[in-house]
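Notes to accompany the following structure.
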Amino acid sequence: MSDEIKKGLLGIVVDQTTVSQVMPDINSLTYRGYAVQDLCEKCVFEEVAYLILNGELPNKKQLKKFVKNERSERKLSKQILRDIQKMPRKAHPMDVARTAVSLMALEDKDVKDNSPVANMKKAIRIFAKTPTALSAYFRARKGKKIIKPKKKLTFSENFFYMCFGKVPSKEIVKAFDVSLILYAEHSFNVSTFTARTITSSLSDIHGAITGAIASLKGPLHGGANEEVMNMMNKIKKPENAFKWINNALNKKEVVMGFGHRVYKKGDSRVPTMEKYFKKVAKIKTDKKFIKIYDIVKNVMIERKEIHPNVDYPTGPTYHLMGFDTDFFTPIFVMARITGWSAHIMEQHAANKLIRPLSKYSGASYRKVMLLNQR
Ligand code: COA
């Protein structure tokens, strides 16, 4: 057995998956065989959620049933809503998301059942309830009344409605739907691998998703979309952008929203998200974010040959849609619950406890001395 260390599991293939394929050489990403760009243009988010969870795109009847099921599971119990209202106003919404999913486990009647049928039911419950929990906190921390979910609205429309009390134009909802489709799944990234690792001890889906949310929070993963907005706010205006980004690179700073462990020639999701970011910016008559976006991107590519990842265009898109910056990564959670759940079910179906080895580099063998001899 080789004791060569592969820090960060770099280049290690740990298992197989049928959920998605990242193909960095041809800059492509497919979910269950379908190109993600194609899914964005031809499907609504609910169809893609169904595809990720079930392996096939739904027909009309299957979609109707799935949508009905999701809409009927949106409500939270009075107790969880009360808990959310009592949460500190300065808490990070990612910690609220993590806690809310953990609380859902306490009430879920199938929590002990890891069968495929129970896991699918629980996945849909977590998928349907998480936006309700997040929007409740979005409003509660501003001292606003919580808005209940509305069954006649789509997943995306309902989230806007629960946050702002109204649904924006079709174009804005479509851009949001596209962002959710692009965020829904991405093979063995760190949060998905976390979910699979937790599952490998035969633990339950609530625990695996709670752990995955904790992993997604980090700025090297999902937390980057929030950091992109913080960077744009620091830059303030297009006139500052060129100097700012060059200074950051001179100081060898890591620029958030750029680079990727797998994609080295560009993230397959960026062209689609960039197109929808620019559409939203036009609708919102934005003059500054588009310019800052282009200047920073061009310098990063010209000076470092480092391309933007999907968090770069989603950051300013969510800002222009009216979401608070610290809600960007929780929105990513709402989408990725589908991918995590599919991986958790796949792990359960062909499980092997994940238990890598380590090379010991601590003190050499020594004997414990009695206290009065030390
Ligand atoms: N800004 C500036 N330099 C970057 C960079 C970035 N965003 N991403 C990578 N680099 C540089 C590194 O400093 C390193 O330079 P060096 O060889 O001179 O030391 C080189 O590119 C290789 O980077 P490395 O850290 O080995 O790549 P990785 O595959 O381990 O890291 C990320 C990938 C995602 C962790 C990294 O690109 C990053 O931190 N990006 C910012 C966070 C982010 O946007 N995350 C979301 C990912 S979807």
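For a test of the definition: using alpha carbon positions, the gyration tensor, and the 1.5 limit on a/c, classify the chain as rounded, prolate or oblate. Rounded, since a/c falls under 1.5. The alpha-carbon of Lys78 sits under 16 angstrom from the alpha-carbons of these lysines, leaving out residues fewer than 8 places away in its chain: Lys86, Lys129, Lys145, Lys148. The Lys142 and Asn230 beta-carbon pair, evaluated with R₀ = 22 Å, returns a calculated FRET efficiency of approximately 0.65. Go ahead and set up a Gaussian network model of the chain, Cα springs under 10 Å, then flag whichever of Ala140, Ala195, Ala100 fluctuates most. Most flexible of the set in this elastic network: Ala140. Near the amide H of Ser28, within less than 5 Å, lie the amide hydrogens of Met23, all on another chain or at least 5 residues away, with H placed in the peptide plane. Taking the charge dipole of segment 1-113 about its Cα centre, with +1 at Lys and Arg Cβ atoms and -1 at Asp and Glu Cβ atoms, the residue from Gln37, Tyr50, Ser2 reaching farthest to the positive side is Tyr50.
Charge tally for Lys297 (other residues, Cβ to Cβ under 15 Å; Lys, Arg +1; Asp, Glu -1): +2. When Ser364, Ser341, Ser169 are sorted by how many other C-beta atoms sit within 10 angstrom of their C-beta, beginning with the fewest, the order is Ser364, Ser169, Ser341. How much FRET efficiency would the formula 1/(1 + (r/R0)^6) give for Gln21 and Asp294, where r is the Cβ-Cβ distance and R0 is 30 Å, rounded to 0.05? My answer for the efficiency is 0.50.
One chain, two ends: Tyr360 and His92. Fully extended at 0.36 nm per residue, the span grows by 92.9 nm beyond their Cα-Cα distance. Could you compute the net charge surrounding Ser200? Neighbours are other residues with a C-beta less than 10 Å from the C-beta of Ser200; K and R count +1, D and E count -1. Residues close to Ser200 contribute a combined charge of +2.
Place a point 7 Å from the Cα of Asp3 along the Cα-to-Cβ direction; which residues of segment 353-374 have their backbone N under 18 Å from it? Of the residues in segment 353-374, 356-366 have backbone N under 18 Å from the label point off Asp3. The order of Phe277, Phe242, going from fewest to most other C-beta atoms within 10 Å of their C-beta, is Phe242, Phe277. By the count of other C-beta atoms within 10 Å, a proxy for reagent exposure, Tyr263, Tyr293, Tyr34, Tyr312 are ordered fewest to most as Tyr34, Tyr263, Tyr293, Tyr312.
If the chain linking Leu353 and Ser115 were pulled fully straight, counting 0.36 nm for each residue of separation and taking away their Cα-Cα distance, it would gain 83.9 nm.
Peptides 54-63, 15-24 ranked from most to least packed, by the mean per-residue count of other Cβ atoms within 10 Å: 15-24, 54-63. Its residues counted as N, segment 195-245 yields a C-alpha radius of gyration over 2.2 N^0.38 Å of 1.78.
Reducing segment 135-191 and segment 247-293 to their Cα centroids gives an inter-centroid distance of 22 Å. Taking amide H positions as placed in the peptide plane 1.01 Å from N, state which residues far from Ser20 in sequence (5 or more) or on other chains have amide H under 5 Å from it. Close amide H contacts, sequence-distant or interchain: Arg32, Ser187.
Of the complete DSSP H runs in the chain, those spanning 30 angstrom or more by Cα along the long axis with a mean Kyte-Doolittle score not below -0.5 are 116-140, 328-349. Evaluated with a Cβ-only charge set (Lys, Arg +1; Asp, Glu -1), the chain carries a dipole of roughly 1400 debye about its Cα centre, given to the nearest 20. The gain in end-to-end length when the Lys64 to Ala214 segment is fully stretched comes to 50.7 nm, 0.36 nm per residue minus the alpha carbon separation.
Just so you know, all these numbers are worked out from the coordinates, no wet-lab data involved. It should be emphasised that the depicted structure is a prediction, and the values quoted were computed from it without experimental measurement. Glycine gets a Cβ as well: all are built from the backbone with ideal geometry, and neighbour counts include every protein chain shown.
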